[in-house]
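For reference, the structure discussed in these notes is given below.
Every number here is computed from the coordinates shown, using simple stated rules; none is lab data. Note that the structure is predicted; figures quoted are calculated from it, not measured. In this analysis, Cβ positions are derived from the backbone assuming ideal geometry, glycine residues included, and neighbour counts consider all displayed protein chains.
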Amino acid sequence: MKIGLDIGGSHIAIGIVDDNNKLLQKYEKDIKISESKNPERYLLDNIILLIKDIFSKIDRNEVDLIGIACPGNIQDGKLISAANLRIKNLGIAKELEKEFNIKTIVRNDGKCAALAEKYVGAMKNYKSACFLILGTGVGGAVFLDGEMILPKKDSGFEIGHMVIDINGDKCTCGRVGCFETLCSMRKFKNDIIQKLQLNSNVTGIEIRKLLEDKNTYNLVEDVINIFIYNLSVGLGNLVRIFKPEVICIGGSFTHYEDILLCKLKKELEREVSLFNSNDLPEILMATLKNDAGIIGATII
């Protein structure tokens, strides 16, 4: 068996995964890392507590791997930087191996979700694929001839940080007009809130319900159209570079599938036709939802 953890800005999900990449049990814990004076120590302590809790339920001798899916730049088991977590140079793998004496791997959360969708989920029947996870930011991965492309130095392939608008907003990475500043679901949600003058604490589920009302939808259609246009520009770049058979989209975008997907397909078709209409890939929604990070963290 394996233990997988998916680290987010406000919660940690942990699960037990069997040797066939099936998630057997899952637990979640809310965290307040943004309020911590020492975010590195705070995160590590919470990870250790969760793993110890798992070991109170199962025999630790049955576990041969701990996998961590984490946002940010990862290199050799160390979280080099994660702007959204305010963390730098945290040696997660080294600390956990010292604590539990179990092999530990740490990878970018977008890459982990991509691995899960490639080997277990929506992309398993495709050799050439691009995966995007749209949430607080934009992450992703690329597969060519069935293998994930990985650079030698670090996690790389920061799809969310390709610039698509040089006059856009400043990104947390320091650049201006990054893909994720325009196409994260956080951006989408905030723009809807501003347009409708909603309370900032409104949930994504509540926004989804509002958009199901035709009159409300009409009020924010311009916001939706701009979001879809920017998303198609980013996806069009990926199509031109990698020529994938399929693009798979995960994250909270999937909650708005029946509202956004048809528009995205039409806009991407227009975008790709400017170059070569034969390059239009299939667009699929991720199937593993919030379990993808946990499962993918344990795939080696």
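So here's what we get for this one:
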{"read-out": "Near-label residues of the stretch 267-300 by backbone N, under 19 Å of a point 7 Å along Cα→Cβ of Tyr119", "value": "286-300"}
{"read-out": "Distance between modelled label sites at Tyr217 and Gln75, nm, 7 Å Cα→Cβ extension", "value": "4.7"}
{"read-out": "Between the stretch 1-65 and the stretch 131-170, the alpha-carbon center distance in angstrom", "value": "25"}
{"read-out": "C-alpha long axis of helix 185-196 to longest principal axis of the chain, angle in °", "value": "50"}
{"read-out": "Top of Ile87, Ile51, Ile207 by mean-square fluctuation, Gaussian network on the chain, Cα under 10 Å", "value": "Ile207"}
{"read-out": "At R0 = 45 Å, FRET efficiency that the Cβ-Cβ distance of Met148 and Asn199 yields, to 0.05", "value": "0.65"}
{"read-out": "Charge tally in the Cβ shell below 12 Å around Lys22, where Lys, Arg are +1 and Asp, Glu are -1, Lys22 excluded", "value": "-1"}
{"read-out": "Backbone HN-Hα couplings from phi across the stretch 128-138 [Karplus 6.51/-1.76/1.60, Hz, Gly and Pro as x]", "value": "10, 8, 10, 10, 10, 10, 9, x, 4, x, 10"}
{"read-out": "Signed unit charges on C-beta, dipole axis of the stretch 124-285, positive-most listed residue Gly160, Phe227, Val239", "value": "Gly160"}
{"read-out": "DSSP beta bridge pairing in the stretch 19-111, given as percent antiparallel to the nearest 5", "value": "55"}
{"read-out": "Neighbourhood charge, 13 Å Cβ-Cβ cut-off, centred on Asn125 and excluding it, Lys, Arg +1 and Asp, Glu -1", "value": "0"}
{"read-out": "Label of the coordinate-derived value, P(r) over Cα pairs in 20 Å bins from 0, in percent, listed as (1) 33, 57, 9; (2) 31, 50, 17, 2; (3) 35, 61, 4", "value": "(1)"}
{"read-out": "Note, ³J(HN,Hα) from phi for the stretch 7-16, Karplus 6.51, -1.76, 1.60, rounded to Hz, x at Gly and Pro", "value": "8, x, x, 10, 7, 10, 10, 10, x, 9"}
{"read-out": "Calculated [θ] (222 nm, deg cm²/dmol) that DSSP helices of n ≥ 4 give over the chain, each run adding -39,500 (n - 2.57)", "value": "-12000 deg cm²/dmol"}
{"read-out": "Cα-based helix-to-principal-axis angle, 257-273 vs the chain, degrees rounded to 10", "value": "70"}
{"read-out": "Reduced Cα scattering model of the stretch 124-285, Debye log10 I(q)/I(0), q = 0.10, 0.16 Å⁻¹", "value": "-0.37, -0.94"}
{"read-out": "Residue pairs, from the table Lys2/Lys88; Lys32/Lys103; Lys78/Lys170; Lys22/Lys94; Lys118/Lys289; Lys124/Lys289, whose Cα atoms sit over 18 Å apart", "value": "Lys2/Lys88; Lys32/Lys103; Lys78/Lys170; Lys22/Lys94"}
{"read-out": "Sorted by Cβ neighbour density within 10 Å, fewest at the top, the residues Cys171, Cys130, Cys262", "value": "Cys262, Cys171, Cys130"}
{"read-out": "Counting DSSP beta bridges with both ends in the stretch 124-285, the antiparallel % (nearest 5)", "value": "50"}
{"read-out": "Tilt relative to the chain, helix 109-119 - C-alpha long axis, 0 to 90 degrees, to 10", "value": "90"}
